[in-house]
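The values are calculated or read from the model by the stated rules, or taken from the named source; none is laboratory data. Keep in mind that this is a model prediction, so the values were computed, not measured. Cβ placement follows ideal geometry from the backbone for every residue including glycine, while neighbour counts extend to all protein chains displayed. These area figures cover heavy atoms from the full protein model, side chains too; ligands, DNA and RNA do not enter into them. Shrake-Rupley method; radii C 1.70, N 1.55, O 1.52, S 1.80 Å.
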Protein chains: 2
Amino acid sequence: MHDTEYRVVGQPVPRIDGKVKVTGTATFADDMAMVGMLHGKLLRSPYAHARIKNIDTSKAEKLTGVRAVITGKDFPGIVVGFMKQYADRPPIAVDKVRHYGETVAAVAAVDEDTAEDALDLIEVEYEELTPVVNWEDAMKEGAPLVHDQAKNNIGATCEFDYGDVDKAFKECDYILEKKFATQRVAIGFIEPHAALASVDGSGKVLFQGSKQSPYITWRHLAWGLGMPLDKIRIINPYIGGAFSGKHEAFDLDFCAVRLTQKTRRPVKIVVNQEDVIGTYRQRHEKHVWLKAGMKKDGTLVAMDCKYIADGGAYLSVAALNLFLFGMFNALPFRVPHVRYDAKRVYTNLPVCGAVRGQSQVIAGYVFNSVVTMMAEDLGLDPLEVMRKNIVEQGETLVAGSKVSSTGLKDAIEIVSEKIGWDEKRSKKEPNKGIGFACGAQISGCRMGGHFASSALVKIGEDGTVQLVHGGTELGQGCDTVFAQMTAEVLGVDFEDVQIEMEDSHDGILDSGMFGDRCTTWSGNAVIAAAEDVKAKLAEIAAEMLGAKPEELVFRDKQIFVENSPGKAIPFLRAVRNAYYGVGKSLYGSGSWSFPGAEIADFSQGHCEKFTPSFSFVAQAVEVEVDPDTGKATLLNSIAADDCGRPINPLLVEGQMDGGSAHMIGQALYEKSLYSDKGVALTGSMRTYKIPTALDVPRLTNHHVLVHDPLGPFGAKGAGETCTTAIMAAIRNAIEDAVGVRLCEPPFTPEKIYQALKEKKEGKK
Amino acid sequence: MHDTEYRVVGQPVPRIDGKVKVTGTATFADDMAMVGMLHGKLLRSPYAHARIKNIDTSKAEKLTGVRAVITGKDFPGIVVGFMKQYADRPPIAVDKVRHYGETVAAVAAVDEDTAEDALDLIEVEYEELTPVVNWEDAMKEGAPLVHDQAKNNIGATCEFDYGDVDKAFKECDYILEKKFATQRVAIGFIEPHAALASVDGSGKVLFQGSKQSPYITWRHLAWGLGMPLDKIRIINPYIGGAFSGKHEAFDLDFCAVRLTQKTRRPVKIVVNQEDVIGTYRQRHEKHVWLKAGMKKDGTLVAMDCKYIADGGAYLSVAALNLFLFGMFNALPFRVPHVRYDAKRVYTNLPVCGAVRGQSQVIAGYVFNSVVTMMAEDLGLDPLEVMRKNIVEQGETLVAGSKVSSTGLKDAIEIVSEKIGWDEKRSKKEPNKGIGFACGAQISGCRMGGHFASSALVKIGEDGTVQLVHGGTELGQGCDTVFAQMTAEVLGVDFEDVQIEMEDSHDGILDSGMFGDRCTTWSGNAVIAAAEDVKAKLAEIAAEMLGAKPEELVFRDKQIFVENSPGKAIPFLRAVRNAYYGVGKSLYGSGSWSFPGAEIADFSQGHCEKFTPSFSFVAQAVEVEVDPDTGKATLLNSIAADDCGRPINPLLVEGQMDGGSAHMIGQALYEKSLYSDKGVALTGSMRTYKIPTALDVPRLTNHHVLVHDPLGPFGAKGAGETCTTAIMAAIRNAIEDAVGVRLCEPPFTPEKIYQALKEKKEGKK
């Protein structure tokens, strides 16, 4: 797909941060150092559940080179969380530890080795408590409580009912009930968590860390440290991937600041990969009991969904997770009658939060599997059934959001044709299978507090353009995309635009990088800011051209008077006149939020104005299963997505490949394991297997060009859509290949072999 | 004087940068370090005038720890200057050196000692040339030329004629002709020049140095390095004084960048105090032949002024210096008929540029001396003569600028009364004398290129305010003053406002900190930016209050509806609603320049729209002269200034004290000496004597509150006014004390003793 409507937008320009990244000069958190900087280390609990009876730091404090030691006592009475109403986590453990690897103390010393040595000298007296390490045990009457106030270890719930579910089921021709379970997985970004804090003589803290949503972290820091916002400045360096794992302020972040406050010297803390994988944020272990009803022609009528999320010791964004799973459970399919009952269960395991694709990943997996199973059971073509039930443009979902645009229908056609759905279904080869699925993802939402995005555009006296936006460049390419938008609005070249790193002093706030929010929300803010400065320059140019500002067209670094051939001046001349003639600086600012955006009550599943738009994807895969070993090999994947107008097709492709590869990992390989004591068993890249290049087949991507009415240049989110369909496609393909109906990824050789064996033995 | 009209403006609030400065945590250029940073050193010429035949750097390059060595060859064909049309200086010497201490090569090494050692290994082959070290030799026919293209070593001229000078002189009752000479002096800031440069993989340079006008330096760097502006980012740390000595990009600045480009590692160069005093910018040695004519009632009629500035090897701002000296020669007095002929002469001495008070310092010294001498000769009271001739409000000067406001008349009354002028004149004590003088200074001007000031004001979600302005905090207190203005406009507390360091990425450009420009120009920009964001917040608040935005009053952190008692909301609630309710960021930008500001042709002395306003000062001093030693002791100084409305009286006092002390140095103590070979003889704080606290008597300051129509809150410049009168006051007091008519500071015991001796021997 090649976009011809615009000059810079829609073009596959190379990344704006490419040069500094390939030359290794892009500064990531751990690349930073400051004069007199100390190195911090965290002491972690070896127990999943224990009472802290005493911590003796005296020996550690006496060690030469140690500058400060802190414990939970240094954060008196503070409890934080992702959202105020779901706060349940002390910055570091105070009276008890609730999961393996939870931080109980921190040290700052002149070098890393000294800090390490000091950790060994801290004497912690624990009283071991019985850990609950799975949801079933946790919910039993009389089970040990992770949090005293959470009865039966239930931390959050979400329930609702649409239409008349019982009546609707009675009218169904076919009802399927299935239990699905998806495993806890690590997030898998490469750059570990890192934080560098310093403080000046006025008590103002400068925080620089590896953060996905620096302004969320900024607010968390102020909260967890009991400081006013204006006493903390946060500047983001380059980020080495996040996938929703770097939103919150973590133990290292709070400790780096406390230690710098105690020592008055800069303190850097970097977490090793072991701890990142074994003890920080992960994707929930999810259990889904789905009952779905269909007419014999394949029309979906009703569903009843029970959902339990096993999420570890603290809530993080769990409430939103339950809400989203319910809100968009069947999406992109239409189900008029829905009942939903979800619980988030505390266990003594590391915390599960948001991960790329959030709930849509599992909802999409479950519902596409169910639709396919039901079609097969009714002898219908699953693809036909999908076509029949997909939501349409302008349609309002039962949960209340409106579909502003969709290209899913076309996407399905492209994929089914490219993969050869009909031929392959008609003449099936033994042990080979084909699977299809459709996915959808929101383009951001409002999540309490500050929810707008903002941007600032400045045109320099040399005609170059500086852009400051509230989005965060995590590797997804938003700096590039926003530079393209800015260049398009101002009619300059992509190369003329420069990006400034995020800095809370710039005040270009943003509510954060989640739910595919970046392109739509920050993008619209970038356009608003660019239009603002353009209007100021137009005033000056109009004067020079003897025209009205509204008659001017900015294109090819020229400013034209519309319909007046030859009446034009170079962009740069107008800019120079602003600075050197008129005596003005050229500045524009803008912010954007989805008009009327509501804050949802996450405990119930309805919100009229939740998200401005949805992105869609259709994806098909082919697998071959070795019946002797049970090994499923992914042969091929074809995806077509509708992310509105791709601002940069190259980057959208990258997102599609990344999203697919990410979920191939969960579908076939990954599982985060803990012992029955709650100790990490897969806490390293060696023991925790994410797919390598060799495990990922050729991924072919197509775009459906759709102009979304609310999107910047018609764009929608593109980062997560491709995580929502592929798992189901793989599952469906395996069933198509060897006729076993699996529900619990990862689909390892063992599981498939076992299923084949049972099938042979005639068990169902 | 206590200002009651405003709540924050006019109050003596403590400095906003006080805490970080007194705690030693304010970061100055030399406090900075970067990972992998190298240390640079400069090799300076021991000769004042020599041809460079060859530079062999091979030995130095081989020294362990040396990473790069550069020479003039690394700046091929580049010639820079303060202003494009007066460019005459290579970044470092190429084919010849023109003054002692000029840089011929630079080294970057792993530490300072290695860099020092490397300098010793660089072999420079010089062919010594005859240096011209004073203006008289330099202007002789056949004198060696400092620059081949500058005939008779004349680098710049300024000539003009107003009224009918010859006719006017014929009508005068008394004409005085006098030759004055003022000495070359060092500038005397404490923080030495320092530069830290680094470069990223995209070739973008980050420059952080001790710079008075970072945006001037920024443009100079781009020019001298042959780089586009957008490839250089300049961030200013705190600055330890400048007094106009840190505008330009110097050898160290260019070399730090070249060395970082060569090594790809950060490079820091810090100049020692010896070199700062002996080889960098100084105040011109000035020779003035003044012929002035007066009616017998003391009315000034005509003047004819010849002026020669001996300025060393390069022009720097010399052209502006000549222009200003002519434009405002007699100010604050009115002289209708004026002839002016000025030349700037090249010599083989370090470069003279702008120094606090620029030309007004010497013009004020000369003309106040002349007025006093003429009054005494005519048997008139000098003060009466001054009163009679001072310019008035609304008056247009012969040179073309309009006096927008003046409080000089009141200032004269205050000072004459406080010092007891009449009594002391009537019953004079032996060897004690009293002197009076009046001064004036512009409030900035346009100097080519970008001439506007700009500012950015952001209101955070917590109600705190971030201010970015284009002024530079040099110690004068502009950060504090602008925070006060911002707080006043928004009706918040001073403590709610924070300042961000200057950063060219912010694009808050400014033409620089010169000519008392800061308060007026940047101040008006700050107000414009604050009003801009205030208007945006007013929109939102009006909605909340059911009122029109224009009805709202921002005061005491509340937003009131005018004339509707009780109808108000807290400022913070409106801000929160903007962020959390409406979904907007609060951003304001503004710029200001003197409406219609012209760029003057510096070679002729006329400019209608040169400066928005003038500040004025009246100052009187008492001295006692020891007839046996000739030592003049300053007993007392009383000054009253009109700087419009003092935004912060405390800071204005600081400026008045500083300006007075600065010029007490030139009047009594300082002289920068060079050997007949042009080698610095006073290049250290030990040999170059600036006044200490013990040398400065009690300085009493008063303000005349004037509301200037163009000034921010009526303010005008305040930093330089007090440099313009005190030298003449001291000279006049010495004459009053012992009846010797001196013209050439510093008025050392030797000079006074010699004059007394000659007087006794009856010589005139």
Only one residue in B:Asp410, B:Asp377, B:Asp381 is of a type outside the set (Val, Ile, Thr), open to solvent by 20 Å² or more (accessible area, probe 1.4 Å) and within 28 Å of B:Gln183 (Cα to Cα), so which one is that? B:Asp377
In region A:404-427, how many are under 30 Å from A:Asp164 (Cβ atoms) and in contact with a Pro (Cβ under 9 Å, 6 or more places away or on another chain)? 3
Condition test on A:Gly357, is it crowded, with 24+ Cβ neighbours inside 10 Å, modelled with pLDDT of 95 or more and of a type outside the set (A, V, I, L, M, F, W, C)? no
Kindly provide the set of residues from region A:190-212 that are over 21 Å from A:Ala455 (Cα atoms), more than 12 Å from chain B (Cβ to nearest Cβ) and open to solvent by 10 Å² or more (accessible area, probe 1.4 Å), ordered by number. A:Ile190, A:Glu191, A:Pro192
Output the number of residues of region B:403-424 satisfying the condition of being among the charged types (D, E, K, R) and touching a residue at least 60 places away in the same chain (Cβ under 8 Å). 3
Residue under evaluation B:Lys424, criteria (1) touching a strand residue (DSSP E or B) at 6+ places or on another chain (Cβ under 7 Å); (2) crowded, with 18+ Cβ neighbours inside 10 Å, criterion not met: (2)
Residues in region A:254-262: is at least one of a type in the set (Phe, Trp, Tyr) and under 24 Å from A:Asp601 (Cβ atoms)? no
Please verify whether region A:158-167 includes one or more residues that are within 27 Å of A:Tyr674 (Cα to Cα) and of a type outside the set (Phe, Trp, Tyr). no
For region A:709-718, what are the residues that are out of contact with any Asp or Glu (no Cβ under 9 Å at 6 or more places or on another chain) and either of a type in the set (Asp, Glu) or buried (at least 24 other Cβ atoms within 10 Å of the Cβ) (or both)? A:Gly711, A:Pro712
Can you find a residue in region A:310-323 that is aliphatic (A, V, I, L, M) and in contact with a Leu (Cβ under 7 Å, 6 or more places away or on another chain)? yes
Which residues, taken from region A:569-580, are closer than 24 Å to B:Val457 by Cα and of a type in the set (Gly, Ala, Ser)? A:Ala578
How many residues are at pLDDT below 95 and open to solvent by 40 Å² or more (accessible area, probe 1.4 Å) when one looks only at region A:70-85? 4
Among the residues of region B:101-110, are any within 14 Å of chain A (Cβ to nearest Cβ), crowded, with 16+ Cβ neighbours inside 10 Å and within 28 Å of the chain's Cα centre (by Cα)? no
With the requirement that a residue be closer than 23 Å to A:Ser684 by Cα and of a type in the set (Val, Ile, Thr), what does region A:276-290 give you? A:Val276, A:Ile277, A:Thr279
For A:Ala186, all conditions in the list (1) in contact with a helix residue (DSSP H, G or I) (Cβ under 6 Å, 6 or more places away or on another chain); (2) surrounded by fewer than 24 Cβ atoms within 10 Å (Cβ to Cβ) hold save one; what is the number of the exception? (2)
Six or more apart or on different chains, Cβ atoms under 8 Å: show the pairs whose first residue is in region B:283-294 and open to solvent by 10 Å² or more (accessible area, probe 1.4 Å) and whose second is acidic (Asp, Glu) and part of a strand (DSSP E or B). B:Glu285/B:Asp310; B:His287/B:Asp310; B:Trp289/B:Glu177; B:Lys291/B:Glu177; B:Lys291/B:Asp304
Looking only at residues that are polar (S, T, N, Q) and within 13 Å of B:Gln441 (Cβ to Cβ) in region B:719-734, which one is surrounded by the most Cβ atoms within 10 Å (Cβ to Cβ)? B:Thr724
Can you confirm whether region B:332-354 contains a residue that is in a helix (DSSP H, G or I), open to solvent by less than 10 Å² (accessible area, probe 1.4 Å) and either away from chain A (no Cβ under 14 Å) or of a type outside the set (A, V, I, L, M, F, W, C) (or both)? no
With the requirement that a residue be in contact with a helix residue (DSSP H, G or I) (Cβ under 7 Å, 6 or more places away or on another chain), open to solvent by less than 10 Å² (accessible area, probe 1.4 Å) and closer than 18 Å to B:Glu608 by Cβ, what does region B:308-328 give you? B:Phe328
If you go through region A:620-631 one residue at a time, do you hit one that is buried (at least 24 other Cβ atoms within 10 Å of the Cβ) and within 19 Å of A:Thr406 (Cα to Cα)? yes
Taking the criterion of being under 24 Å from B:Leu315 (Cβ atoms), of a type in the set (D, E, K, R), open to solvent by 10 Å² or more (accessible area, probe 1.4 Å) and touching a residue at least 60 places away in the same chain (Cβ under 8 Å), would at least one residue in region B:213-222 satisfy it? yes
Identify, from the list B:Ala538, B:Ala529, B:Ala568, the residue that is under 17 Å from A:Asp532 (Cα atoms) and either open to solvent by 70 Å² or more (accessible area, probe 1.4 Å) or at pLDDT 95 or above (or both). B:Ala529
Which of the residues spanning region B:687-727 are in a loop (DSSP other than H, G, I, E, B) and among the hydrophobic types (A, V, I, L, M, F, W, C)? B:Ile690, B:Val696, B:Val704, B:Leu705, B:Val706, B:Leu710, B:Ala718, B:Ala725
